[in-house]
Amino acid sequence: MGQQDLEAALPAGVDPRRHARVLAQVHEAALNGRVLPSRPRAVIGASWQRMRRLGMDPDSRAAAPVLTFEQLEARRRASGLAEALPILRSGLISLAEQAAYIMVIGDAGGKILWRDGSAAVRRRADSLGFVEGVDWQEESVGTNAIGTALVARRAVQVYSAEHYVRAQHSWTCAAAPLRDPRDGRLLGVVDLSGPASTVHATTLALVDAVTRLAEAQLRTTHLTELERLRGFAVPVLAKAGGRAVVADEHGWVAAAAGLAPADRIALPTGLAPGRVWLPAYGGCSAEPVPGGWLIRLTDDEAAPPTRVVLDVRSPREPELTVASAAGTWTHRLSPRHAEVLYVLASHRDGRSASELSADLFGDAGRTVTVRAEMSRLRRHFGSILGAKPYRFADEVEVVVRRPPTPEAVLPHSLAPAIRG
């Protein structure tokens, strides 16, 4: 279910200075409760609403706390971004230096981990507090490309008075989220920032393209690791006997014996050695092996799932918990899977492929995409999901844990069924 089209902050052919003046008028009207002369882009308007709910001061210039050197180094090591640095730097730093930008890389928590590029722009950024080790989430500094891309989960360009805090109106920035191709987890965000006068409609596409190249490099590395595990898995399975699978820590299958072929299985969060219940297989035993897990299916009588809890209170880490008489299983969901399950939880009588397509895309014709995604979900989550129509199984209790306001439900989502 592909990415949304990129939307540059500066429409093609529009004079930047005139557009900045219009944005400033819209910003002032929005803050003062007046009729807007024009509407901000949807991603900006949604962010401004979040800032108003938070009580963000648009005139705030308070310096955000900065990590110590030791804290910064620890965040860098834990981020999973270091391997992507060479591609990001080779693709963006030379441009940043030539075009009066800085390249900024933040982690999934919005902390700025690396900053490079034009020395003059770095000095300007210093005066704004836009430095390594600072928190650049929306909650800390208002609407901005880095923080807003982390919430929206898509590439975002923010120009001039689209920033909520006035001190940032002299800036333009374009940022794209970088995901771990092994599990879809958000690793961080890649950004080009500079003076507002340097705004260009192609900057967003460039940042997004280089970020996708970095993800491709991470994917290649993962495939190499999986192939190494496969060489180890074959003799392990031969020795284990029975129905079993060897998978890496993210559930990607290296080899299997006595089971239908599968690319990936959904392992629970915090898997530990010993007995484990998986929705797709039932009772299993888990044994760590170098680089992954040996999962053996036991002869325990299958215990059907009885309760499902879909927790979307966290904007960045939605989770699904499935309970049965044999145990409980919790799995972190990708943004798309969270959307699908939320829609199905809201329609216990089920949705056809065309209805689900309209729910997710506003287009009833994308049924091939929907069927492919539902096939993956049913393989991962077993008998909790049914088909014809797609639905949660009738005998399963479904509980949805939501945040306090409807706007905070999966804030990255553009699905009509969620945003409508």
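The values are calculated or read from the model by the stated rules, or taken from the named source; none is laboratory data. Treat the numbers as computed from the prediction; the structure is a model and nothing was measured. Every residue, glycine as well, gets a Cβ built from its backbone with ideal geometry; the counts of neighbours run over all protein chains shown.
Quick grid of which residues meet (1) touching a Pro at 6+ places or on another chain (Cβ under 6 Å); (2) of a type in the set (Ser, Thr, Tyr); (3) modelled with pLDDT under 90; (4) outside any loop (DSSP other than H, G, I, E, B):
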site: PRO261; (1), (2), (3), (4): no, no, yes, no
site: THR269; (1), (2), (3), (4): no, yes, yes, no
site: ALA272; (1), (2), (3), (4): no, no, no, no
site: VAL276; (1), (2), (3), (4): no, no, yes, yes
site: ALA280; (1), (2), (3), (4): no, no, yes, no
site: GLY283; (1), (2), (3), (4): no, no, yes, yes
site: ARG296; (1), (2), (3), (4): no, no, no, yes
site: ASP299; (1), (2), (3), (4): no, no, yes, no
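Can you pull out every residue in region 182-201 that is under 23 Å from the mean Cα position of the chain (by Cα) and over 21 Å from LYS111 (Cα atoms)? Correct list: ARG182, ASP183. Number of residues in region 169-201 that are within 21 Å of VAL131 (Cα to Cα) and touching a Gly at 6+ places or on another chain (Cβ under 9 Å) equals 14.
Tell me, which residue of region 81-123 that is surrounded by fewer than 18 Cβ atoms within 10 Å (Cβ to Cβ) and of a type in the set (Gly, Ala, Ser) is farthest from ARG212 (Cα to Cα)? Per the stated criteria, the residue is ALA120.
Return a yes/no flag: does region 226-244 have any residue that is surrounded by fewer than 21 Cβ atoms within 10 Å (Cβ to Cβ), among the basic types (Lys, Arg) and in a loop (DSSP other than H, G, I, E, B). Looking for residues that are surrounded by fewer than 21 Cβ atoms within 10 Å (Cβ to Cβ), among the basic types (Lys, Arg) and in a loop (DSSP other than H, G, I, E, B), one finds at least one in region 226-244, hence yes. Looking at ALA29, ALA8, just one residue is within 27 Å of ARG419 (Cβ to Cβ) and either under 25 Å from the mean Cα position of the chain (by Cα) or assigned by TED's automatic domain parsing to the domain that holds THR367 (or both), and that residue is ALA8.
Every residue, every condition in (1) farther than 20 Å from ASP183 by Cα; (2) part of a loop (DSSP other than H, G, I, E, B), yes or no:
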{"site": "THR328", "(1), (2)": "yes, no"}
{"site": "VAL340", "(1), (2)": "no, no"}
{"site": "SER354", "(1), (2)": "yes, no"}
{"site": "LEU360", "(1), (2)": "yes, no"}
{"site": "THR369", "(1), (2)": "no, no"}
{"site": "ALA372", "(1), (2)": "no, no"}
{"site": "HIS380", "(1), (2)": "no, no"}
{"site": "ASP394", "(1), (2)": "yes, yes"}
{"site": "PRO404", "(1), (2)": "yes, yes"}
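Apart from one condition, GLY109 fits all of (1) part of a helix (DSSP H, G or I); (2) farther than 13 Å from CYS173 by Cβ; the exception is (1).
A search for C-beta distances below 6 Å between a residue of region 13-36 that is at pLDDT 90 or above and any residue that is assigned to a helix (DSSP H, G or I) and of a type in the set (Ser, Thr, Tyr), counting only pairs 6+ apart in sequence or on different chains, returns ALA20/SER160; LEU23/SER160. If ASP191 satisfies all but one of (1) surrounded by 16 or more Cβ atoms within 10 Å (Cβ to Cβ); (2) assigned to a helix (DSSP H, G or I); (3) among the acidic types (Asp, Glu), what's the number of the condition it fails? Result: ASP191 fails condition (2) only. Inclusion of GLY106 among residues that are on the phi > 0 side of the Ramachandran plot and small (Gly, Ala, Ser) is not warranted. Against the list (1) surrounded by fewer than 16 Cβ atoms within 10 Å (Cβ to Cβ); (2) within 25 Å of CYS284 (Cα to Cα), the condition LEU310 fails is (1).
Residues in region 310-364 that are of a type in the set (Ser, Thr, Tyr), touching a residue at least 60 places away in the same chain (Cβ under 8 Å) and touching a strand residue (DSSP E or B) at 6+ places or on another chain (Cβ under 7 Å) were compared, and the one that is farthest from PRO416 (Cα to Cα) is THR330.
Determine, yes or no, whether VAL253 is assigned to a strand (DSSP E or B), on the phi < 0 side of the Ramachandran plot, β-branched (Val, Ile, Thr) and surrounded by 19 or more Cβ atoms within 10 Å (Cβ to Cβ).
yes
Checked against (1) more than 20 Å from GLY251 (Cβ to Cβ); (2) out of contact with any Ser or Thr (no Cβ under 9 Å at 6 or more places or on another chain), ALA393 passes all but a single condition, namely (2).
Pairs are defined by a Cβ separation below 7 Å, a sequence spacing of at least 6 or placement on different chains, a first member in region 384-408 that is outside the structural domain of LEU356 (by TED's automatic domain parsing) and surrounded by 12 or more Cβ atoms within 10 Å (Cβ to Cβ), and a second member that is among the polar types (S, T, N, Q) and part of a helix (DSSP H, G or I); no pair meets this definition. Please find, within region 271-280, the residue that is surrounded by the fewest Cβ atoms within 10 Å (Cβ to Cβ) out of those that are within 23 Å of PHE232 (Cα to Cα) and under 30 Å from the mean Cα position of the chain (by Cα). Here the residue is ALA272.
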